[in-house]
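Here, each number is a calculation from the coordinates, and none is a lab measurement. Here the structure is a predicted model, which means the values were calculated and not measured. Note that we place each Cβ from the backbone using ideal geometry, even for glycine, and neighbour counts take in every protein chain shown.
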Amino acid sequence: MYRYNHHDQALIEQRVAQFRDQVRRRLSGELSEDDFKPLRLRNGLYLQRHAYMLRVAVPYGVLSSRQLRMLAHIARAYDRGFGHFTTRQNIQFNWPALERVPDILGELARVQMHAIQTSGNCVRNITSDPLAGVAADEIEDPRPHCEALRQWSTLHPEFAWLPRKFKIAVTGAIADRAATQLHDIGLRLTRTEGGDVGFRVLVGGGMGRTPVIGKTLREFLPKRHLLSYVEAILRIYNLQGRRDNLHKARIKILVNKLGINKFRELVEAEWSHIKDGSLMLTNRRIEDLAAHFHRPPYADVGEQPVRDSTWMLDTRFATWYKHNTEGHRHSGYRIVHVSLKAPGVPPGDMTAAQMDVLADLADRYSFGEIRTTHEQNLVLADVAEEDLPSLWRALQLGALATPNIGTLSDMICCPGLDFCALANAGSIPIAERINRKFHDLDRLYDLGEIKLKMSGCMNACGHHHVGHIGILGVDKHGKEWYQFTLGGSADDAAQLGERIGPAVPKQRVVDVLERILNVYIDHRLDGERFLGTVRRIGITPFREHVYANHSESKNRSQRMAALAG
């Protein structure tokens with residue numbers, strides 16, 4: 001993973017000192033909240049419903065064991081003993097006291113971490129494939145390019161006050177595990193027939209109030225031009241993006257207004273002036289960045305598949321192996337998904353004790369590295385097959401071995417009304433109700449892969465638009481109601497879900513989910529997954545089953561009440 005040089009470290013420490021003085025002036029009354037707000041946002045500090053929230057950057061989702069231990073320390077010493085991993089591969093602390101935030105940032109700086117640009121109208125944390133460097137379908141490791149983008153975008157003076165927040169995702173694999181089509185800029189490494197590797201550039205994707213699938217801006221961009229081309233895109237957006245309407249300020253609105261061809265024409269014209277300038281990434285620069293992401297010293301263990309061992313006679317281990325591990329590009333190793341979706345736990349939450357446990361296990365079994373995912377889980381990317389039984393036992397003790405990856409209970413869920421000042425409805429209580437109803441693992445396995453994604457408001461932090469089943473909390477006259485969408489996806493065949501009908505009250509959410517799943521069970525073909533069934537039969541059968549009986553029951557109750565009256 002990337003290690004700071006002395007310039008990086010000096011910049012971060014200087015930033016901590018600046019923010020310490022800004023907090024001092026806020027607490028003394030020298031700065032009003034209006035004056036302080038843009039300063040704190042540039043340092044990842046939000047004011048939520050009950051307290052401040054600090055969002056810490058995890059660039060392209062990579063953590064060292066030392067960094068995870070520091071996060072555990074911060075959770076214990078400055079918060080309430082836990083942190084929340086987000087869909088942007090970051091971590092949030094929900095209860096820090098304002099006067100102690102500079103101390104938190106100072107502690108983070110000691111382990112080469114920060115909270116810069118995790119909020120505000122700037123380029124946010126660069127995200128990537130959590131399986132980068134280990135996936136069998138990878139064309140090239142995207143992380144060196146993510147690091148180039150991180151260095152270029154951090155405190156970029158021209159892009160510190162964009163019309164709206166800006167998100168970039170990069171992948172180097174054939175399968176899109178980074179949701180690149182749902183970002184302001186999506187970058188996909190691709191190889192030409194002649195063997196040259198470069199980027200397919202997507203632009204104008206996003207969720208929120210106006211969900212849009214990104215459009216291809218350039219089919220092939222040589223790697224050396226990455227920074228200049230992204231800068232050209234941002235310059236056009238910065239000049240022409242709207243600033244008069246918060247809800248129409250994202251780049252997707254500009255791209256749709258101009259049309260992709262006109263937007264491309266503007267970008268290419270701007271790029272022509274800067275493409276051969278100082279932003280050029282030389283081969284030497286790319287090699288220097290790539291050197292930080294070299295392959296670990298894998299043991300030559302050969303083929304020692306645990307699946308052929310006596311350990312597979314233990315059905316608990318066999319189940320975990322099947323659902324929470326997958327193949328690795330190096331023989332004798334597997335990728336391990338660590339579920340943060342144990343029953344009774346808010347999705348994405350992790351205690352300080354669990355962080356310490358996983359940091360120790362990463363040192364012992366995965367070269368001291370942990371990955372975060374946009375699905376709010378963690379990954380140990382380099383585990384020798386022979387170590388899987390020992391790792392599984394240790395994960396069990398830490399309540400980190402729930403074998404539910406890819407199932408209904410492996411849901412994405414934003415903090416919702418429990419924490420967020422923008423939320424219209426709760427997400428965490430709904431997740432708890434769903435988990436209580438659908439707790440039987442055998443039933444979950446029978447249902448197969450279902451990506452349930454839930455947001456407490458239209459900002460879509462829970463990615464509900466692209467859930468196989470999406471749930472959106474809305475406010476109706478001060479009450480919490482929920483809309484359902486079906487058929488969404490964030491993978492290669494990215495698609496926005498379709499709303500099945502009117503919102504339902506909080507007490508009906510689990511019942512509606514049950515009805516949706518019953519339609520799937522009744523209509524699925526042998527081996528057909530939920531998403532396949534939805535796309536084959538459409539949403540009409542789901543809509544009819546969800547609302548028909550409920551409407552009849554409601555009408556019957558109204559008739560009975562009228563007769564009684």
DSSP-assigned coil residues among GluC sites (Glu not before Pro) in the range 1-105, each with at most 13 further Cβ atoms within 10 Å: E30
Pull out a ≥ b ≥ c, the square roots of the eigenvalues of the alpha-carbon gyration tensor of the range 1-108, then state rounded if a/c is under 1.5, prolate if not and a/b is larger than b/c, and oblate in the remaining case. oblate
Cysteines without a disulfide-compatible partner [the chain; Cβ-Cβ under 4.7 Å]: C122, C146, C413, C420, C457
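If we count every other residue with Cβ under 11 angstrom of V534's Cβ, Lys/Arg +1 and Asp/Glu -1, where does the sum land?
Neighbourhood net charge equals +2.
Does the range 306-397 come out rounded, prolate or oblate by the C-alpha gyration tensor, with a ≥ b ≥ c the root eigenvalues, rounded set by a/c under 1.5 and, if not, prolate when a/b is larger than b/c and oblate if not?
Numbers: a/c = 1.67, a/b = 1.35, b/c = 1.24.
In terms of gyration-tensor shape, prolate.
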Compare the peptides 138-148, 319-329 by average per-residue count of other Cβ atoms within 10 angstrom and give them in order, highest first. 138-148, 319-329
In debye to the nearest 20, the charge dipole size for the range 6-110, taken about the Cα centre with +1 at each Lys and Arg Cβ and -1 at each Asp and Glu Cβ, equals 300
Once the in-chain neighbours fewer than 8 apart are removed, the lysines whose Cα is under 17 Å from K262 read K215, K252
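Work out the count of Lys pairs in the range 412-561 where the Cα-Cα distance is under 17 Å, with the pair 8 or more places apart or on different chains.
Values: K437/K451; K437/K453; K437/K506; K453/K506; K476/K506; K479/K506; K506/K554.
Lysine pairs meeting the criterion: 7.
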Quick one: grab the alpha carbon gyration tensor of the range 265-321, order the square roots of its eigenvalues as a ≥ b ≥ c, and give me rounded if a/c is under 1.5, else prolate or oblate depending on whether a/b is larger than b/c. prolate
Could you work out the relative contact order of the range 6-110, using alpha carbon pairs under 8 angstrom and six or more residues apart, expressed as a whole percent? 30
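Determine the dipole magnitude for the range 306-397: charges of +1 sit on the beta-carbon of Lys and Arg, -1 on that of Asp and Glu, nothing else is charged, the reference point is the Cα centre, and the result goes in debye to the nearest 20.
Values: 9 positive and 13 negative charges, 56 e Å.
Dipole about the Cα centre, nearest 20: 260 debye.
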The chain, relative contact order in percent, only Cα pairs under 8 angstrom and at least six apart counted: 12
Show me the ranking of peptides 222-232, 461-471, 164-174, 385-395 by mean Cβ neighbours inside 10 Å, starting with the highest. 461-471, 164-174, 222-232, 385-395
Assigned charges on the beta-carbon of Lys, Arg, Asp, Glu; the chain dipole about Cα centre (debye): 2080
Just from its helices, what would the mean residue ellipticity at 222 nm be for the chain, if runs of 4 or more DSSP H residues each count -39500 (n - 2.57) and the sum is divided by every residue, rounded to the nearest 500 deg cm²/dmol? -11500 deg cm²/dmol
Sort 100-108, 242-250 by packing, meaning the average of other beta carbons within 10 Å per residue, with the highest value first. 100-108, 242-250
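How high is the relative contact order of the range 134-291, in percent, with contacts defined as C-alpha pairs under 8 Å that are six or more residues apart? Working shown, then result.
On the way: 253 pairs, mean separation 33.3, N = 158.
Reported as a whole number, the value is 21 percent.
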Give the distance, in whole Å, between the Cα centre of the range 46-85 and the Cα centre of the range 470-547. 33
Dipole axis of the chain (+1 Lys, Arg; -1 Asp, Glu on Cβ), positive-most option in P346, V201, W481: W481
Of F93, M280, L472, which is farthest towards the positive pole of the chain's charge dipole, taken about the Cα centre with +1 and -1 on the beta-carbons of Lys, Arg and Asp, Glu respectively? L472
